[in-house]
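J.: There's a structure below that I have some questions on.
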Amino acid sequence: MAVKRGGLIIFEGLDRIGKTTQSKLLYDHLTLECGLLCERLSFPDRSTQIGSLIDSYLQRKIDFNDHTIHLLFSANRWESIDSMRTKLLQGYTLIVDRYAFSGVAFTQAKGLDIKWCQSCDIGLLQPDLVLYFHRNKQSNCLSYTGDERYETKSFQEKVEFYFEQLRSSSSEQWKDVNVIDKDNIEMRDKESIQNEIRLYVKNCLDGIKSNHIDELWK
Ligand code: TMP
């Protein structure tokens with residue numbers, strides 16, 4: 001019998017909002033409890049030569065102008081596309097920390113045009129599910145130490161504005177994951193966020209009926 005392809009599941013949102021913790025919990029759940037083939041990836045992938053340039057840039061060791069670093073982030077996704085497609089068709093579900101949506105929101109926050117920002121990622125693999133981590137802006141739940149280049153409150157607030165714009169024009173593949181409790185005061189506990197994510201993921205994987213993978217933004 002032909003192998004059913006895996007799902008491409010993306011975690012998106014601001015820095016330090018809990019994406020990595022939740023993606024690890026999901027990976028453990030899908031592999032250990034559901035017995036699925038699964039892999040975790042993250043962008044930027046700092047292990048490649050392009051990724052190492054991005055890492056040096058984020059750590060403020062080298063500089064690039066805003067267009068150049070945007071293209072490097074995009075190239076870092078393109079260099080993974082063949083292995084990602086192969087894995088998906090082998091039946092692996094890919095859990096991916098950040099994708100082209102971070103690319104667009106972070107670069108738009110520097111003042112670049114959305115069409116230009118999107119253009120270099122047109123044709124990447126279309127995700128089956130985008131889990132958009134967000135918060136109530138008044139909740140003040142995130143703190144930034146400025147360790148890496150973009151980790152300041154003022155920059156993250158700009159990025160959030162552009163993430164919200166992307167969200168409002170996005171497709172049904174996007175699901176909101178509000179990390180703040182219903183009284184808009186505290187962070188929700190990890191388990192309740194994870195349970196919500198598992199439901200979205202189950203529905204998404206059940207809904208994959210063909211091995212065809214669409215192209216992003218085409
Ligand atoms: P990370 O903390 O998830 O490793 O991401 C590093 C930083 O890079 C984070 O601040 C978001 C930013 N970023 C971009 O500016 N453009 C991109 O395309 C991606 C994937 C991340």
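J.: Can you find a residue that is touching a helix residue (DSSP H, G or I) at 6+ places or on another chain (Cβ under 9 Å), in a helix (DSSP H, G or I) and more than 30 Å from Ala2 (Cβ to Cβ) anywhere in the stretch 130-138?
T.: yes
J.: Quick check on this structure: which one of Leu205, Leu129, Leu199, Leu216 is open to solvent by 60 Å² or more (accessible area, probe 1.4 Å), at pLDDT 95 or above, among the hydrophobic types (A, V, I, L, M, F, W, C) and under 27 Å from Leu30 (Cβ atoms)?
T.: Checking each option against the conditions leaves just Leu199.
J.: Another question about this same structure. I'm trying to understand the selection: among the residues of the stretch 20-47, which are within 13 Å of the ligand (Cβ to nearest atom) and more than 16 Å from the chain's Cα centre (by Cα)?
T.: Across the stretch 20-47, the qualifying residue is only Ser47.
J.: Moving on to the next point. Can we say Lys137 is touching a residue at least 24 places away in the same chain (Cβ under 8 Å), over 24 Å from Tyr57 (Cα atoms), open to solvent by 10 Å² or more (accessible area, probe 1.4 Å) and more than 10 Å from the ligand (Cβ to nearest atom)?
T.: In short, no.
J.: Working only within the stretch 165-187, note down all residues that are more than 16 Å from the chain's Cα centre (by Cα) and either open to solvent by less than 60 Å² (accessible area, probe 1.4 Å) or among the hydrophobic types (A, V, I, L, M, F, W, C) (or both).
T.: Result: Ile180, Asp181, Ile185, Met187.
J.: Next question, about the same structure. Of everything in the stretch 53-82, what is part of a helix (DSSP H, G or I), over 22 Å from Ser170 (Cβ atoms), open to solvent by 50 Å² or more (accessible area, probe 1.4 Å) and within 13 Å of the ligand (Cβ to nearest atom)? Give them in sequence order.
T.: Within the stretch 53-82, Leu53, Asp66, His67, Thr68, Leu71 qualify.
J.: I need the full set of residues from the stretch 11-35 which are outside any helix (DSSP H, G or I), modelled with pLDDT of 95 or more and surrounded by fewer than 17 Cβ atoms within 10 Å (Cβ to Cβ), in order please.
T.: Cys34, Gly35
J.: Taking the stretch 105-119, which residues are near the ligand (Cβ under 10 Å from one of its atoms) and in a loop (DSSP other than H, G, I, E, B)?
T.: Ala109, Lys110
J.: What are the pairs with Cβ atoms under 7 angstrom where one residue, in the stretch 109-124, is within 20 Å of Glu164 (Cβ to Cβ) and the other, located anywhere, is among the aromatic types (Phe, Trp, Tyr)? Sequence gap at least six, or different chains.
T.: Note: pairs meeting the criteria are Ala109/Phe155; Ala109/Tyr162; Gln118/Trp217; Asp121/Trp217.
J.: Please name all residue pairs, on different chains or six or more residues apart, with Cβ atoms under 9 Å, provided the first residue is in the stretch 144-155 and is at pLDDT 95 or above and open to solvent by less than 50 Å² (accessible area, probe 1.4 Å) and the second residue is near the ligand (Cβ under 10 Å from one of its atoms) and assigned to a helix (DSSP H, G or I).
T.: Matching pairs, first to second residue: Tyr150/Leu58; Tyr150/Phe106; Tyr150/Gln156; Tyr150/Val159; Phe155/Phe106.
J.: Within the stretch 83-104, count every residue that is among the small types (Gly, Ala, Ser) and within 8 Å of the ligand (Cβ to nearest atom).
T.: Residues flagged as among the small types (Gly, Ala, Ser) and within 8 Å of the ligand (Cβ to nearest atom) within the stretch 83-104 amount to 3.
J.: To continue, here is another question. Does the stretch 173-196 hold any residues that are without any contact (Cβ under 8 Å) to a residue 12 or more places away in the chain, outside any helix (DSSP H, G or I) and under 26 Å from Asp28 (Cα atoms), and which are they?
T.: Hits for the stretch 173-196 are Asp181, Arg188, Asp189.
The values are calculated or read from the model by the stated rules, or taken from the named source; none is laboratory data. Note that this is a predicted model, so its numbers are computed, not measured. Don't worry about glycine lacking a Cβ; one is built from the backbone with ideal geometry, like all the others, and counts go over all protein chains shown. Only protein heavy atoms, including side chains, enter the accessible area calculation; ligands, DNA and RNA are left aside. Shrake-Rupley method; radii C 1.70, N 1.55, O 1.52, S 1.80 Å.
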